[in-house]
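Heads up: the structure comes next, in structure tokens.
The values are calculated or read from the model by the stated rules, or taken from the named source; none is laboratory data. Nothing here was measured: the structure is a model prediction, and the numbers come from that model. Methodologically, a virtual Cβ is constructed for each residue, glycine included, from the backbone with ideal geometry; neighbour enumeration extends over all protein chains shown.
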């Protein structure tokens, strides 16, 4: 039997005009207004699951959810759960059980190295867990589980790892009218990326002078047959 087509990954970020995710002092980013919130929820409505780095989860304490009634209805009409699976990417399986994440009304998954998953059952608080021995094998497993569209919510290390492996097919960036300075770029300075070209698919002016830019990778991509 042929292997399932790898999931399509869309990296979704709100960034300052100088490409920062957070203020120079660090901490949770406070970027993006109602316009960015809407396009973020549109991306979640499109997705089967969302990837979030463990550090980002611990920093924010929760993940993003769909709240817009029309998007929730859209998913219901298509026979999909209200929220995409929230899939945490982590080196370990221990998390503070008091994180608001574990009270959110959604299904939770964990991607972690095989040695971090003991006994076969998902760790406490998670509905499902899969081994992350390599991105290639993990994405094949996710595709076989029916996760064909994945939104990547960060952080920077997770985004860099996926981009370094040439796995991100789409970039959805909301440019926010702020200049933050500092070193908290949306890609670490040490990231080593393969040369690629990105084709602009959508641009949309959002509330609050924000700008949505959505690109699709051309060089080395899967081309127009990829999921739209």
Out of 203, 172, 157, I need the residue that is touching a strand residue (DSSP E or B) at 6+ places or on another chain (Cβ under 8 Å), surrounded by 12 or more Cβ atoms within 10 Å (Cβ to Cβ) and in a strand (DSSP E or B). Which one?
172
Got at least one residue in the stretch 106-113 being out of contact with any strand residue (DSSP E or B) (no Cβ under 6 Å at 6 or more places or on another chain), in a loop (DSSP other than H, G, I, E, B) and under 22 Å from residue 202 (Cβ atoms)?
no
Out of the residues in the stretch 18-63 that are closer than 13 Å to residue 176 by Cα and touching a helix residue (DSSP H, G or I) at 6+ places or on another chain (Cβ under 7 Å), which is surrounded by the fewest Cβ atoms within 10 Å (Cβ to Cβ)?
34
Output the strands (runs of 3 or more DSSP E) that fall wholly within the stretch 1-99 and possess 3 or more residues being out of contact with any strand residue (DSSP E or B) (no Cβ under 8 Å at 6 or more places or on another chain) and more than 18 Å from residue 155 (Cβ to Cβ), or say none.
none
Does the stretch 114-132 hold any residues that are farther than 21 Å from residue 44 by Cα, assigned to a loop (DSSP other than H, G, I, E, B) and either at pLDDT 95 or above or touching a strand residue (DSSP E or B) at 6+ places or on another chain (Cβ under 7 Å) (or both), and which are they?
117, 122, 123, 125, 132
In the stretch 64-80, which residues are touching a helix residue (DSSP H, G or I) at 6+ places or on another chain (Cβ under 7 Å) and closer than 12 Å to residue 47 by Cβ?
64, 66, 71, 75
Cβ-Cβ distance below 8 Å, separation of 6 or more or different chains: which pairs start in the stretch 111-124 with a residue that is at negative phi and without any contact (Cβ under 8 Å) to a residue 24 or more places away in the chain and end on one that is crowded, with 17+ Cβ neighbours inside 10 Å and assigned to a helix (DSSP H, G or I)?
none
Could you list, ordered by first residue, the pairs with Cβ atoms under 7 Å in which the first is in the stretch 196-207 and modelled with pLDDT of 95 or more and the second is surrounded by fewer than 13 Cβ atoms within 10 Å (Cβ to Cβ) and part of a loop (DSSP other than H, G, I, E, B), at least 6 apart or interchain?
199/218
Residue 39 vs (1) modelled with pLDDT of 95 or more; (2) over 26 Å from residue 171 (Cβ atoms): all pass except (2)
Identify, please: which residue in the stretch 1-14 is at pLDDT below 95 and buried (at least 22 other Cβ atoms within 10 Å of the Cβ) and is, among those, farthest from the chain's Cα centre (by Cα)?
14
